[in-house]
Amino acid sequence: MDKKENMNLIEESYTRLFPNQELPYTTYLEYNKRLADFNANIKLEVNHLSLHLNLQWKDIDKEIKIGLVQSLILKILKKRTTTPNIDLYNNFIKQIPLLTPKTETDPILEASFHRLNEQFFFNQMEKPNLKWGKDSHRKLAHYNFHDDSVTVSTLFKETPQEILDYLMYHELLHKKHQFNHKNGRSSFHSPAFKEDEAQYPQYKDREQDITGIIRKKKRVRFWNWF
């Protein structure tokens, strides 16, 4: 896809969103390897709109890419709506975990996954990529649809098994239930998700345990600073 085709992709995405408006921005679109698998970002500076897409998007069907670009445009303009292309894009995202190679794992996280898969998912869940993240107090764990991965903060590397398992269970529920997209908003915690989450034994106690661990780690950092 050459430069002209890239510009046409942005312009077509915009004009389908806003049929009675001309595209008011100069544009730039780039495919690169710097972004993680199937990731993309958008930036608006004055009247210049730039989009950066992971290289894997390059050969994806144009109608799906239009849905991606429309989603990014709506995000940067802080508007909400939906289109057939956005629906196509969201359905495509839900299929990515089936196509993603599973190349990352960790023995502690993998053991947690297998315990939960047997106890709650009848050993029917495919193992995602499993990895440790940063020593984060805010992003404790995260499931990424774009590369079918569960990432857990290293704060929990040495915590009791039941606490790590609860974090892992929550993220595996995201893999199971995926997400719903309606009226321009994506919902990741459906009633079915919350019902399953409540099935974890003593889950309210585990949430209190996690809060206690975070507070303890913050106090240690405070004293180390001085």
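The values are calculated or read from the model by the stated rules, or taken from the named source; none is laboratory data. Note that this is a predicted model, so its numbers are computed, not measured. FYI the Cβ positions are ideal-geometry reconstructions off the backbone, even for glycines, and counts take in every protein chain you see.
Could you check segment 130-153 and list, in sequence order, the residues that are within 13 Å of the chain's Cα centre (by Cα) and over 18 Å from Tyr166 (Cβ atoms)? Spell out the reasoning first.
Taking segment 130-153 and keeping what is within 13 Å of the chain's Cα centre (by Cα), we get 139, 141-151.
Listed by number, the residues that qualify are Asn144, Phe145, His146, Asp147, Asp148, Ser149.
List the residue pairs whose Cβ atoms are under 6 Å apart, where the first residue sits in segment 14-26 and is assigned by TED's automatic domain parsing to the domain that holds Leu44, the second is assigned to a loop (DSSP other than H, G, I, E, B), and the two are 6 or more positions apart or on different chains.
Pairs that qualify, where the first residue is assigned by TED's automatic domain parsing to the domain that holds Leu44 and the partner is assigned to a loop (DSSP other than H, G, I, E, B), are Tyr14/Leu23; Tyr25/Asn47.
Considering Lys127, Lys134, which residue is basic (Lys, Arg), modelled with pLDDT of 95 or more and part of a loop (DSSP other than H, G, I, E, B)? Walk me through how you get there before you give the answer.
Details: Lys134 fails: modelled with pLDDT of 95 or more.
Step by step, each of Lys127, Lys134 is checked, and only Lys127 is basic (Lys, Arg), modelled with pLDDT of 95 or more and part of a loop (DSSP other than H, G, I, E, B).
Determine the pairs where a residue that is under 18 Å from His114 (Cα atoms), located within segment 138-153, has a partner that is assigned to a loop (DSSP other than H, G, I, E, B) with Cβ atoms under 7 Å apart, the partner being 6 or more residues away or on another chain.
Cβ pairs passing all conditions: Ala141/Ser153; Asp148/Thr100; Asp148/Pro128; Ser149/Glu104; Ser149/Pro128; Val150/Pro128; Thr151/Gly133; Val152/Gly133.
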